[in-house]
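The values are calculated or read from the model by the stated rules, or taken from the named source; none is laboratory data. Being a predicted model, the structure only gives us computed values, none of them experimental. FYI the Cβ positions are ideal-geometry reconstructions off the backbone, even for glycines, and counts take in every protein chain you see. Keep in mind that these areas ignore ligands, DNA and RNA; they rest on the heavy atoms of the full protein, side chains included. Shrake-Rupley method; radii C 1.70, N 1.55, O 1.52, S 1.80 Å.
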Amino acid sequence: MIEASNVRKNFGARTVVGGVSFSVGKGEVLGFLGPNGAGKSTTMRMITGFLPLSAGKITIGGYDIEENPVEAKQLFGYLPENAPAYQDMTVAGFLDFSASIRRLSGKKKADAIARAVKLCHLENVLQQTIDTLSKGYRHRVGFAQAILHDPPVLILDEPTDGLDPNQKHEMRELIREMSRTKAIIVSTHILEEVEAICTRVIIIDRGKLVFNGTPRELQEKAPYGHRLRLTVCASDDAPVRAMLEKLPQVRKAELLGKQEKTVSLAVYPAGSEKDFVSAVKKALDEHKWEFCELYLEHGRLDEVFRSLTTSDAVEGKEGAA
Amino acid sequence: MRNVLTIIRRELGATFTSPVAYVFLVIFLALSGFFTFMIGGFFLRNEADLSSFFFWFPWLFILLVPAVGMRQWAEERRQGTLELLFTMPVSIPEAVLGKFLAGWIFLGIALVLTCPIVFTVCYLGSPDPGPIATGYTGCFLLAGAYLAISGMTSAFTRNQIVSFITSTVLCLLLVLIGFPPVTNLLLKWGAPAWTLDLSADLSVFYHFTGMQRGVFDLRDIVYFLSLTAFALFVTGSVLKNRRA
């Protein structure tokens with residue numbers, strides 16, 4: 001549904017997005033990650049046709065966003081960063097305007113608004129003006145506006161920003177449910193969100209694509225990906241380590257800490273992790289080592305994120321002129 | 001075209017739900033009455049016409065029309081709704097036209113509300129309806145031109161005050177270049193005659209004075225409409241190139 005090829009954006013001499021390509025199909029939720037100032041919002045603004053491209057091409061459902069903007073814009077719903085809305089309008093008035101401008105009218109419009117209001121739980125605030133709403137409600141109004149016309153493409157810039165944990169959970173459920181029939185792009189810097197809802201992840205850093213793959217592949221890039229944490233009842237770690245390192249499945253066993261009667265170890269798999277855990281357990285049983293803790297650690301996404309991206313402190317803020 | 005109507009409806013709705021509209025209307029009506037009766041000497045003239053009423057509009061509108069137009073785009077930029085509006089399936093010309101027409105309709109309503117002055121002259125005497133009709137047409141066209149100019153300055157900035165001051169100055173310039181004291185000064189400085197003609201031709205004052213006196217000249221109408229169209233065109237180009 002969304003094709004971006006070699007998209008660039010310069011503000012004056014400064015390159016904010018330097019040649020990013022990706023595509024999103026129906027049923028996919030693309031997580032768009034990057035540190036603040038990496039060019040996430042700028043890229044989203046180019047996809048939605050708000051900012052002109054300096055070079056490259058973006059199509060939505062086959063329509064070029066620069067050449068057929070109106071047709072392309074008809075196909076997506078967009079929740080911009082901070083969910084802007086006309087502050088002096090009522091929620092009902094704002095949704096009515098959003099529906100009319102998407103060419104909905106009559107019963108279709110009424111149904112679309114009723115559906116969005118129900119999905120976003122806005123029943124109680126319909127007649128309130130938007131400037132009187134809490135941040136959570138304001139975000140939901142923005143989201144309601146984006147899904148109003150049931151678009152095949154959803155583009156959400158930090159959809160859970162400023163929501164409380166319950167609302168976050170609800171928003172994720174909503175996104176997951178919609179993902180079955182839509183192509184969705186979600187930008188975020190909350191990594192748990194990526195694990196929770198995304199089918200694919202791209203990370204950009206300083207305007208460059210540094211990762212494009214599944215959340216699982218991202219986890220595997222973690223420096224401590226899939227190591228085994230083990231606490232054995234033994235007074236000394238050396239014999240345990242020696243025994244474990246003899247196993248073909250084990251690359252290395254490392255001492256993490258020594259307590260009074262136990263030792264904690266980290267065991268790294270050699271190559272594939274297939275029957276790594278069971279081999280370790282079997283060896284422990286055979287040697288009658290008693291253990292009180294044995295679990296597989298998954299790669300921590302924030303570690304991968306930190307290793308792939310650099311701090312934006314040097315680069316300054318994202319290009320809002 | 002449907003989008004234009006949708007935008008007009010939204011803008012008018014927003015105008016009339018905010019207190020700004022009512023404050024504007026009250027000030028506008030009070031000032032126009034004050035100028036007509038107290039400074040224009042409506043009664044002293046002892047003539048059943050509205051020239052003392054229409055005469056003040058180029059000046060009155062210099063302050064009041066930018067107050068209507070200044071928020072058009074500046075407010076959208078400040079609130080971030082510009083991003084929302086331009087990522088909806090709306091073309092820039094539609095958005096520019098919709099916002100302009102909504103403001104113009106509002107100013108039209110303000111003009112209609114001055115009708116008691118017409119009833120007054122009709123009650124006091126039997127005025128010639130011609131100059132009243134052309135005078136109101138002139139006021140409406142003038143309001144449109146000023147509004148388009150304020151919309152243009154509004155598109156440049158996210159600050160309403162900057163927009164207000166710039167458009168006021170621009171409108172003032174457009175009046176002054178044809179204002180007799182200024183043209184006389186140019187004459188005294190020995191400016192060639194053709195520059196005087198040119199500056200008078202470009203001036204709002206010159207074209208408005210004709211209509212106010214009841215002269216219906218197509219050139220005046222073309223002047224106001226093309227000034228409006230030009231300002232709207234610039235607005236569109238600015239928005240196209242300076243969206244963020």
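Worth pointing out:
- In the range B:227-244, the residues that are within 30 Å of A:Glu67 (Cβ to Cβ) and either in contact with a helix residue (DSSP H, G or I) (Cβ under 6 Å, 6 or more places away or on another chain) or away from chain A (no Cβ under 14 Å) (or both): B:Thr228, B:Ala229, B:Phe230, B:Ala231, B:Leu232, B:Phe233, B:Val234, B:Thr235, B:Gly236, B:Val238, B:Leu239, B:Lys240
Table: residues versus (1) in contact with a strand residue (DSSP E or B) (Cβ under 8 Å, 6 or more places away or on another chain); (2) open to solvent by less than 20 Å² (accessible area, probe 1.4 Å); (3) without any contact (Cβ under 8 Å) to a residue 24 or more places away in the chain; (4) closer than 30 Å to B:Arg242 by Cβ.
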position	(1), (2), (3), (4)
B:Ala21	no, yes, no, yes
B:Asn46	no, no, yes, no
B:Asp49	no, no, no, no
B:Phe53	no, yes, no, no
B:Ile62	no, yes, no, yes
B:Glu75	no, no, no, yes
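Table: residues versus (1) touching a Phe, Trp or Tyr at 6+ places or on another chain (Cβ under 8 Å); (2) part of a helix (DSSP H, G or I); (3) open to solvent by less than 10 Å² (accessible area, probe 1.4 Å); (4) modelled with pLDDT of 90 or more.
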| position | (1), (2), (3), (4) |
| --- | --- |
| B:Ala110 | yes, yes, yes, yes |
| B:Ile117 | yes, yes, no, no |
| B:Gly151 | yes, yes, yes, yes |
| B:Arg158 | no, no, no, no |
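- Criterion (open to solvent by 20 Å² or more (accessible area, probe 1.4 Å) and in a strand (DSSP E or B)) met by exactly one of A:Leu174, A:Leu228, A:Leu156, A:Leu256: A:Leu256
- Being of a type in the set (A, V, I, L, M), open to solvent by less than 40 Å² (accessible area, probe 1.4 Å), at pLDDT 90 or above and under 18 Å from the mean Cα position of the chain (by Cα) is a property that B:Ala67 has.
- Qualifying strands (runs of 3 or more DSSP E) (wholly inside the range A:26-142; at least 3 residues being at pLDDT 90 or above and open to solvent by 10 Å² or more (accessible area, probe 1.4 Å)): A:55-60
- Near pairs, Cβ below 6 angstrom, 6+ apart or cross-chain, from the range A:74-101 (facing another protein chain (nearest Cβ under 7 Å)) to any residue that is open to solvent by less than 10 Å² (accessible area, probe 1.4 Å) and in a strand (DSSP E or B): A:Tyr78/A:Ile155; A:Pro80/A:Asp157
- Test: residue in the range B:64-85 that is in a loop (DSSP other than H, G, I, E, B) and either in contact with a helix residue (DSSP H, G or I) (Cβ under 7 Å, 6 or more places away or on another chain) or more than 10 Å from chain A (Cβ to nearest Cβ) (or both): yes
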